[in-house]
Amino acid sequence: MDAPVGARTDGLGLRPMVNMINHWIAGRPVAPSAERRSPVWNPATGEQRAWVGLAGAAEVDHAVQAALRAFESWSQTSLSRRTQILFAFRERVRAQTRRLAEAISDEHGKTVSDAEGEIQRGLEVVDFACGVATHLKGDYSDQVSQGIDLFCFREPLGVVAGITPFNFPAMVPMWMFPLAIACGNSFVLKPSERDPSASLILAELWAEAGLPEGVFNVVQGDKSAVDALLQHAQVAAISFVGSTAAARYVYEHGTAAGKRVQALGGAKNHAIVLPDADPGFAADQLVGAAFGSAGQRCMAVSAAVTVGLDGDTFVEAVGRRASSLKVGPGRHPDTQMGPVVTHAARERISRLIGSAAEQGAVITVDGRGLRVPGHEAGFFIGATVIDSVEPRMEVYREEVFGPVLCILHARTLENAIALINSNPYGNGAAIFTGSGAAAREFQRRVKVGMIGINVPVPVPMAYYSFGGWKSSLFGDFHVYGPEGVSFYTRSKAVTSRWPPAGTTGTAEYRFPTAT
């Protein structure tokens, strides 16, 4: 295989001199097969920093079998022991936050401070999982019938898998595996092949915390690994976050194979700005929500809807802030926005910006052609603001997943809500207003799963649950929080009677009823 542009060679041009990123199976690194591999880039420099091996069905089976063996004892481990290990993992992640954040920045491109925030939000789910003994309490009803008691409790499913995206290589896996493991399951993680290193750091920290071998496993890979997990008879459940097309594929194939599936898809998150909103506050909040992490967030605000405002004034305020963003490598302390994840992502975003102009929108701030001195080969694109966008336009219909804010205009709040409700996605939406009545009307009528009132990125805390509606979610369960506990367990109801020794009775052939 030829070395890609930017890869170092051995001097003879024969092979790339870059690291190979391993799997993690049964408590130790496992070298991938040399048959299939994919490059891992540093988006800030455009250089290849590693290879990652791509697992096939055999390697996935190796991980699943290790998880299955571990499940037999882990599922019977006491709640107190599980909690001790969770607390130990939590403290190790906290201590290694900087190391994790730098690894994420080097492969994803986001700023180190943004990566540290991602890790903190993941740790909130670990905090919630540390209370597993409370979350798994069952119910008990005494004397439901003469001499009969009824109670229920929750049991783990078995081997469960997580398939996670590139945009949050630490947080999204931590939405899944802390609760799954706390509930007594064993876990197989298939992270994105674009930024796989964080998953291995997390695996090391689990081992240091005392998690038994095989309870947490990592298989690097692409669609072949996904298909192997979907088809594996001993994988009981799949958690997925990614595009809507992929989420639909995972849901349909996973459920067809008899698995429990939660699959979170794409988004087109809107923010309505009413005339009574503080324009400076709204502009600041929307710029942060649109351009943080270069717009590569499933909860990024990509569409702002002004209602009855002087549109030019608002667009100018947003444009000034967008133009002043400091774009550069994520490791630089002054950087506010880093590159996008790949060269292909940058090209796709640039094409969508161009299509908006061709279809009649007005590009007020154009991030195409941005060059960062000393990082000319990096995958940079500047913050972009597009005014007078209409729903028919491609830049509005698609999830751009880049630093692009579309601005639409509506005459009334009712028109703005109708616009949001007509969109096929239903992940999140926000409103900026000083009116409690308007906010209440918005929160009751808008058809999305997560709502912000003067909060642009309304990601719930870990003791609630995260998930959208419509084409943003396939399945019945949202992730983490109470619904996460329900997803990773199943209820068992027990009806019991303890008759005194020597008690006799007669057979009853009618359907049993309470007496």
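The values are calculated or read from the model by the stated rules, or taken from the named source; none is laboratory data. Every value quoted in this text rests on a predicted model; they were computed, and no experiment measured them. Note that each Cβ is placed from the backbone with ideal geometry, even for glycine, and that neighbours are counted across all protein chains shown.
Taking the stretch 260-274 as the region of interest, how many residues are closer than 19 Å to V160 by Cβ and surrounded by fewer than 22 Cβ atoms within 10 Å (Cβ to Cβ)? Before you say what the answer is, go through the steps one by one.
Going residue by residue through the stretch 260-274, those that are closer than 19 Å to V160 by Cβ are 260-264.
Subset that is surrounded by fewer than 22 Cβ atoms within 10 Å (Cβ to Cβ): 260.
Qualifying residue count, the stretch 260-274: 1.
Yes/no per residue for (1) among the β-branched types (V, I, T); (2) in contact with a Pro (Cβ under 8 Å, 6 or more places away or on another chain); (3) at positive phi; (4) not assigned by TED's automatic domain parsing to the domain that holds S388:
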residue	(1), (2), (3), (4)
E399	no, no, no, no
N427	no, no, no, no
R445	no, no, no, no
M461	no, no, no, yes
P482	no, no, no, yes
F487	no, no, no, yes
P499	no, no, no, yes
T504	yes, no, no, yes
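Based on what the data block shows, is L325 hydrophobic (A, V, I, L, M, F, W, C) and under 19 Å from F442 (Cα atoms)?
So L325 fails the test.
Can you tell me which residue in the stretch 369-392 is surrounded by the fewest Cβ atoms within 10 Å (Cβ to Cβ), limited to those that are of a type in the set (G, A, S) and free of Cβ contacts under 8 Å to residues at least 40 places away in the same chain?
If we filter the stretch 369-392 for residues that are of a type in the set (G, A, S), which is where we start, we get 369, 374, 377-378, 382-383, 388.
From the residues that got through so far, the ones that are free of Cβ contacts under 8 Å to residues at least 40 places away in the same chain too are 369, 374, 388.
Values: G369: 9, G374: 11, S388: 17.
Restricting to residues being of a type in the set (G, A, S) and free of Cβ contacts under 8 Å to residues at least 40 places away in the same chain, the top hit is G369.
So which residues in the stretch 459-515 are over 30 Å from F168 (Cα atoms) and hydrophobic (A, V, I, L, M, F, W, C)?
Matches in the stretch 459-515: A493, V494, W498, A501, A507, F511, A514.
Of everything in the stretch 217-227, what is of a type in the set (G, A, S), part of a helix (DSSP H, G or I) and within 20 Å of the chain's Cα centre (by Cα)? Give them in sequence order. Steps first, please.
Keep residues of the stretch 217-227 that are of a type in the set (G, A, S), which gives 221, 224-225.
Keeping just the survivors that are part of a helix (DSSP H, G or I) gives 224-225.
Matches in the stretch 217-227: A225 only.
For a quick check of your reading of the model, give me the residue pairs whose first member lies in the stretch 449-465 and is over 22 Å from F128 (Cα atoms), whose second is at pLDDT 95 or above and hydroxyl-bearing (S, T, Y), with beta-carbon atoms closer than 9 Å and at least 6 apart or on different chains.
I453/T433; N454/T433
What's the total number of residues in the stretch 356-392 that are farther than 14 Å from M337 by Cβ and in contact with a strand residue (DSSP E or B) (Cβ under 8 Å, 6 or more places away or on another chain)?
15
Mind listing just one residue for me: the one in the stretch 111-139 that is closer than 14 Å to Y488 by Cα and of a type outside the set (V, I, T) and, of those, surrounded by the most Cβ atoms within 10 Å (Cβ to Cβ)?
A129
What's the total number of residues in the stretch 443-463 that are under 15 Å from the mean Cα position of the chain (by Cα) and farther than 23 Å from I417 by Cβ?
Within the stretch 443-463, residues that are under 15 Å from the mean Cα position of the chain (by Cα) and farther than 23 Å from I417 by Cβ number 2.
May I ask you to list the residues in the stretch 32-61 that are over 30 Å from M337 (Cβ atoms) and either buried (at least 19 other Cβ atoms within 10 Å of the Cβ) or touching a residue at least 60 places away in the same chain (Cβ under 8 Å) (or both)?
Within the stretch 32-61, P32, R36, R37, G53, L54, A55, G56, A57, E59, V60, D61 meet the criteria.
Being of a type outside the set (A, V, I, L, M), out of contact with any strand residue (DSSP E or B) (no Cβ under 9 Å at 6 or more places or on another chain) and surrounded by fewer than 22 Cβ atoms within 10 Å (Cβ to Cβ) is the filter here, so list the residues in the stretch 172-211 that pass it.
E208, G210
When you scan the stretch 303-323, how many residues do you find that are without any contact (Cβ under 8 Å) to a residue 60 or more places away in the chain and under 14 Å from T364 (Cβ atoms)?
6
Could you tell me which of the residues R351, R320 is at pLDDT 95 or above and over 26 Å from the mean Cα position of the chain (by Cα)? Break it down into steps so the answer makes sense when it comes.
Details: R351 fails: over 26 Å from the mean Cα position of the chain (by Cα).
So the residue among R351, R320 that is at pLDDT 95 or above and over 26 Å from the mean Cα position of the chain (by Cα) is R320.
Please go through the stretch 332-353 and give me each residue that is surrounded by 21 or more Cβ atoms within 10 Å (Cβ to Cβ) and either part of a loop (DSSP other than H, G, I, E, B) or charged (D, E, K, R) (or both), ordered by number.
Answer for the stretch 332-353, where residues must be surrounded by 21 or more Cβ atoms within 10 Å (Cβ to Cβ) and either part of a loop (DSSP other than H, G, I, E, B) or charged (D, E, K, R) (or both): T335, G338, P339, V340, V341, R346.
Tell me which residues, restricted to the stretch 343-355, are of a type outside the set (G, A, S) and out of contact with any strand residue (DSSP E or B) (no Cβ under 9 Å at 6 or more places or on another chain).
R346, E347, R348, R351
Can you tell me which residue within the stretch 418-442, out of those that are among the polar types (S, T, N, Q) and over 19 Å from A289 (Cα atoms), is surrounded by the fewest Cβ atoms within 10 Å (Cβ to Cβ)?
Within the stretch 418-442, the match that is surrounded by the fewest Cβ atoms within 10 Å (Cβ to Cβ) is S422.
Counting only residues that are in contact with a helix residue (DSSP H, G or I) (Cβ under 6 Å, 6 or more places away or on another chain), outside the structural domain of G295 (by TED's automatic domain parsing) and among the small types (G, A, S), give me the strands (runs of 3 or more DSSP E) lying completely in the stretch 125-216 with at least 2 of them.
Correct list: 159-163.
Suppose we filter A257, A246, A277 for residues that are surrounded by fewer than 23 Cβ atoms within 10 Å (Cβ to Cβ), farther than 21 Å from Y425 by Cα and either in contact with a Cys (Cβ under 6 Å, 6 or more places away or on another chain) or of a type in the set (A, V, I, L, M) (or both); which single one remains?
A257
Mind listing whichever residues of the stretch 248-266 are more than 12 Å from the chain's Cα centre (by Cα) and either of a type in the set (K, R) or under 16 Å from F401 (Cβ atoms) (or both)?
Those that are more than 12 Å from the chain's Cα centre (by Cα) and either of a type in the set (K, R) or under 16 Å from F401 (Cβ atoms) (or both): R248, K259, R260.
Can you confirm whether the stretch 187-208 contains a residue that is more than 22 Å from R28 (Cβ to Cβ), hydrophobic (A, V, I, L, M, F, W, C) and within 17 Å of the chain's Cα centre (by Cα)?
no
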